[in-house]
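The structure appears right after this line, and notes come after that.
The values are calculated or read from the model by the stated rules, or taken from the named source; none is laboratory data. Just so it is clear, the structure is predicted and the values come from calculations on it, not from any experiment. Here the Cβ positions follow ideal geometry from the backbone for every residue, glycine too, while neighbour counts run over all protein chains shown.
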Amino acid sequence: MSGFKNLHPICSFSYFAIAIILVLVCQTPVAMVEALAGAVFFLHCTEGGKVWKRLRYLLPMLLLIAFANPLLNHRGVTRLVKIMNQWVTLEALCYGITAGLSLAALILWFGCYQEVITSDKFLYLFGKAAPGTALLISMALNLVPKLEQELQQIREGQEMLYPDKPGHMEKIRKAIRHVSTLLGWSLENTVEQVDSMKARGYGLRRRTTFHLFRFESGDRKFMLLLLLLGGSCIAGRCLGYGTMEFYPRMDSIVNGAGDILFYLVFMAFMWLPGLMEWKEELLWRSYDLNL
């Protein structure tokens, strides 16, 4: 029951590579809002209400960057207010908001990447070219979620063995027990995983692999659409659309019909995974009605 997640790994990885590059090079408020909204929409279709927990942590960071930049950077000609003998300018404030939106969009798109590109897909893409590096990167990406799961199990087990007692020293002792147990468990799991991979012949040239990924007609259609939308966005950016100067005087957000067309194509590209997931969800819910 998934449209985008069931695509071939080459398709999904190519999309995320282009999306992240576009977020980095299109530093305008409109483009960043579209990119952020597309990532939120996709995560809402895949995770449900969990995406709002992500936004709860991203919003303070966005506000911090937005208001810290005009306090530290005083470039710009449009003065708003004077704080401690320094002028806060409109250009610096807008640039801070754009930078905060850009960072938030990048974090969410990397979250989308982690949701779709699993370890088996990553090893399928890069396992033959660089087996050692691919395995190391895959283990590093899965390290934090795995440690969180193991720490939760350790906490539950420790609560059964050692009931909670009041006092700061007892909390420190409990934290030390949790960390020491987690480190020992992680080292043991690492040694077992290395021995298991070595026993299975991982990295040998003559070793064969098994996977269920097939490049089908739906993947070809998606690649054509990806090349059309992504190529149009890249070409438009190279022609000068999707750019904005903040200093010394801020440009207008939209300059003519070319910018409008660029932002429409950019929005379609950023919302493509979410729309695919939403379409599959609607088809799944209406399946019984079509019988």
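Annotations
- Failed item, numbered, when LEU7 is tested on (1) at pLDDT 90 or above; (2) of a type outside the set (Val, Ile, Thr); (3) under 19 Å from GLU280 (Cα atoms): (1)
- ARG214 satisfies every condition listed in (1) surrounded by 12 or more Cβ atoms within 10 Å (Cβ to Cβ); (2) under 30 Å from GLU47 (Cβ atoms) except (1).
- Scanning segment 42-61 for residues that are in contact (Cβ under 8 Å) with a residue 12 or more places away in the chain, farther than 18 Å from LEU272 by Cβ and among the hydroxyl-bearing types (Ser, Thr, Tyr) turns up nothing.
- Set VAL81, VAL88: member being on the phi < 0 side of the Ramachandran plot, assigned by TED's automatic domain parsing to the domain that holds VAL254 and touching a helix residue (DSSP H, G or I) at 6+ places or on another chain (Cβ under 8 Å): VAL88
- Subset tally (residues that are surrounded by 20 or more Cβ atoms within 10 Å (Cβ to Cβ) and closer than 29 Å to TYR241 by Cα) for segment 31-57: 10
- Residues of segment 143-168 classified as at pLDDT 75 or above and of a type in the set (A, V, I, L, M), total: 2
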